[in-house]
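The values are calculated or read from the model by the stated rules, or taken from the named source; none is laboratory data. Quick caveat, the model's predicted, so the values are computed rather than measured. Because the Cβ atoms are built from the backbone with ideal geometry, glycine has one as well, and the counts that use them run over all protein chains shown. Quick note on the areas: whole protein, heavy atoms, side chains included, nothing else; ligands and nucleic acids left out. Shrake-Rupley method; radii C 1.70, N 1.55, O 1.52, S 1.80 Å.
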Amino acid sequence: MRPIKDARRLILAFALPGIDDDYAHKSTSFIAHLLGYEGPGSLFAELHQRNLINSLSAGGGISGSNFKDFNINMQLTDEGLAATDIIIEQVFATIRLIEQQGLEEWRYVERQTAIANAFRFQEPARTADLAAQLAINMHHYSDQDLIFGDYRMAGLNIEKTRQLLAAMTPGNMRATFIHKEVEVTEHEPIYGTDYQLAALPNEQLERWSAPASAWARLPPPNPYLHDLKAPLPLPEAGSDTPQLHTIAPGITLWHLQDPDFRAPKAHIYCQFVLPEATRSARHYACARLWSELMIDRLNEDCYDAEIAGLHFNIYPQHYGITLHVSGYSVGSAELSAHLLAQFRQPSFADSRWRDIHQKLQANWQSALANKPLNLLFARLNVLLQPHMYALSDLAGALAEVSLDDFKQWQADLFQSAEVKLFAHGDVNLERLGPLLEGVQQQFSLSENLQAQVPPTYSVAELKQSGKLEQRGQLQTQHSDHAALLVIQGKSLDITQQATLLLLNQFIQPHFFNELRTHQQLGYVVGSTYMPIEQRPHLLLYVQSSRYPATTLCERINTFITHFIEDLEELGASDLGNIRKFLVRKLREPDTNLRLRSQRLWTCVSQYNVNFDRLEAIAQLLESHTTSFFIEKIREQLSATENHGYITATPKEL
């Protein structure tokens, strides 16, 4: 198949017999676990080391009442495009290796333990999601397994597993090759896809039926996997908000041993404030490339941790680079320390550098084909936040970075750094000791680097400087037009935050009803509240296939004018109920540890840390009259110096 975007994929699909009768044993899941393993020596690792693939997943595919479509999905490198025969041969070699050596009881027990931990310590699901999932389970599982069926692993079913592996043969395979330069003979009229269907040649089928020796080896026992116990006891003088600990100059720790979500889970964030990561588009592009290379390099090393329920991510943001480790608390601090130890002097294979360097450029360059509103929201972040850069600028900057340039940049990356840590969940200060000690030993730290980054840019200043006009009018490869109006609060004042939050709920249905329902400007019409470093913003947006962006801006302006005129009447009837609704929403408790960690980290990562902001907004909404807020809303809508438009129009070809 020939895709629109720059995709390079090889998908192998096997038609297997139905698996409903095997749900208690999860034989396909066990096979997928062994085939999709990404640790050292795995099929993925061997193909990845030879620079043939960038990713591999096994086990996906449609399930029916009497069949199972089992997929192996691989993202190819440039070299892999020319080596699909070898890749497929090694897939079959690994399948035969599993058939001969992989059906061992201890391997199944490891998978059983990991799945049992996932069931025992799963985070609460939304009621609507749980009801839908249970309804599906009723079609597949016996009554006693409606809740546990997805997790039941009753023992290794050797006979069924051998039957499934025996069906994974070249003659029972469909191979799908996706790339922009494939030869095509057919056109699918509804989706517009160009493709070709062809039978696999007999010589290929014969070669794959008797493959060469497997490059891969089967995984050893997992050192990170534990049968998890109860969480740590809470301290007597506990807290319900994170507490600040100044560890040393340039390193601070915010810590909360959570009193409510009592499960052996934790989230650890390590934010590095790094001027060399954010100084310019070139520096930020290098930081993104470095983060991708680190993930690529560490994924194989840490895959056993991933299987055991410990996950990590590395990403740049406008202060620098952040590491996030999440999952089970046992081993989370140790994994964090291990990962940070790799930050100081990592070495990357030249072939991997070139491949990810090219992939990032292609992704950034193809972004212009995204929906216009997505591009406008991304550009808004660039305009309002210091040290954020447009994707087109990043692509251009990265194109000029050579391998030697990158190595020089990397050598300077941690020369000036400040570290802010946040540890939350079932983790105490004693458990964090090795992590804190490692950070102090491995990094030369400075104080007050975060204080030097301004919190946000003013819309009024952007308009006066001409930057809003120059950088706020996008030309895209999409056929639709779009307009986004940003209404910025004058300050971080809590009254400004409450007013714009209230205005968003108030104006949303009227805006949609007028511009979408009555005027029919486009299918995508709405508003949203967006705080940046606690400075509030209200965004009104329209995307249209019928009207130019200039018309969309005019209609939004007209709507606001009429809305101000009707404000007294509309506010008197609506604002009271909206205020009560918002107060309830602001005081809704967190439903799981992950959401609480995300909320608290949003507070901690900022320069001005404030955990009481939501409650303060709720109290302000309760303590003032409707008339007070009508006047505040009028001021916000009338203060046009704090309003600004960014627009998207189709690029002329």
- Mind checking which residues of region 241-262 are over 26 Å from Phe414 (Cβ atoms) and part of a strand (DSSP E or B)? Gln243, Leu256, Gln257
- What are the residues in region 189-228 that are open to solvent by less than 50 Å² (accessible area, probe 1.4 Å) and out of contact with any Gly (no Cβ under 8 Å at 6 or more places or on another chain), if any? Gly192, Thr193, Asp194, Gln204, Trp208, Pro211, Ala214, Asn222, Leu225, Leu228
- Unique match (being assigned to a helix (DSSP H, G or I) and either among the aliphatic types (A, V, I, L, M) or modelled with pLDDT under 90 (or both)) among Ala287, Ala266: Ala287
- Query: Regarding Asn642, is this residue open to solvent by 20 Å² or more (accessible area, probe 1.4 Å), among the polar types (S, T, N, Q) and either closer than 27 Å to Val459 by Cα or in contact with a Cys (Cβ under 7 Å, 6 or more places away or on another chain) (or both)?
  - Reply: no
- Message: I'd like the residue in region 495-530 that is in a helix (DSSP H, G or I) and hydroxyl-bearing (Ser, Thr, Tyr) and, out of all such residues, is surrounded by the most Cβ atoms within 10 Å (Cβ to Cβ).
- Response: Thr499
- Query: Under the condition of being without any contact (Cβ under 8 Å) to a residue 60 or more places away in the chain and buried (at least 19 other Cβ atoms within 10 Å of the Cβ), which residue from region 53-66 is nearest to Gly39 (Cα to Cα)?
  - Reply: Leu56
- Message: What's the total number of residues in region 607-651 that are under 30 Å from Ser545 (Cβ atoms) and touching a residue at least 40 places away in the same chain (Cβ under 8 Å)?
- Response: 10
- Query: For region 295-305, how many residues meet the condition of being free of Cβ contacts under 8 Å to residues at least 40 places away in the same chain and either farther than 21 Å from Ser42 by Cβ or surrounded by fewer than 22 Cβ atoms within 10 Å (Cβ to Cβ) (or both)?
  - Reply: 1
- Query: If you check Val486 against the conditions, is it closer than 21 Å to Cys603 by Cβ, in a strand (DSSP E or B) and not hydroxyl-bearing (Ser, Thr, Tyr)?
  - Reply: no
- Query: Has region 67-86 got at least one residue that is farther than 29 Å from Ile356 by Cα, open to solvent by 40 Å² or more (accessible area, probe 1.4 Å) and modelled with pLDDT under 95?
  - Reply: yes
- Query: Taking region 576-616 as the region of interest, how many residues are more than 26 Å from Lys265 (Cα to Cα) and of a type in the set (Phe, Trp, Tyr)?
  - Reply: 2
- Can you pull out the residues in region 1-42 that are hydrophobic (A, V, I, L, M, F, W, C) and in a loop (DSSP other than H, G, I, E, B)? Met1, Ile4, Ala7, Ile19, Ala24
- Could you run through region 461-483 and say how many residues are surrounded by 20 or more Cβ atoms within 10 Å (Cβ to Cβ) and outside any loop (DSSP other than H, G, I, E, B)? 7
- Message: Please verify whether Ala237 is out of contact with any strand residue (DSSP E or B) (no Cβ under 8 Å at 6 or more places or on another chain), among the aliphatic types (A, V, I, L, M), open to solvent by 60 Å² or more (accessible area, probe 1.4 Å) and not in a strand (DSSP E or B), treating the condition exactly as stated.
- Response: yes
- Restricted to region 451-460, and to residues that are modelled with pLDDT under 90 and open to solvent by less than 40 Å² (accessible area, probe 1.4 Å), which residue is nearest to Leu253 (Cα to Cα)? Val453
- Only one of (1) open to solvent by less than 40 Å² (accessible area, probe 1.4 Å); (2) touching a helix residue (DSSP H, G or I) at 6+ places or on another chain (Cβ under 7 Å); (3) at pLDDT 90 or above fails for Arg352. Which number is that? (3)
- Matching entry among Gln442, Gln415 (being in contact (Cβ under 8 Å) with a residue 60 or more places away in the chain, surrounded by fewer than 14 Cβ atoms within 10 Å (Cβ to Cβ), of a type outside the set (Val, Ile, Thr) and out of contact with any Pro (no Cβ under 8 Å at 6 or more places or on another chain)): Gln415
- Query: Looking only at residues in region 542-556 that are of a type outside the set (A, V, I, L, M), out of contact with any Gly (no Cβ under 6 Å at 6 or more places or on another chain) and surrounded by 14 or more Cβ atoms within 10 Å (Cβ to Cβ), which one is nearest to Leu384 (Cα to Cα)?
  - Reply: Cys553
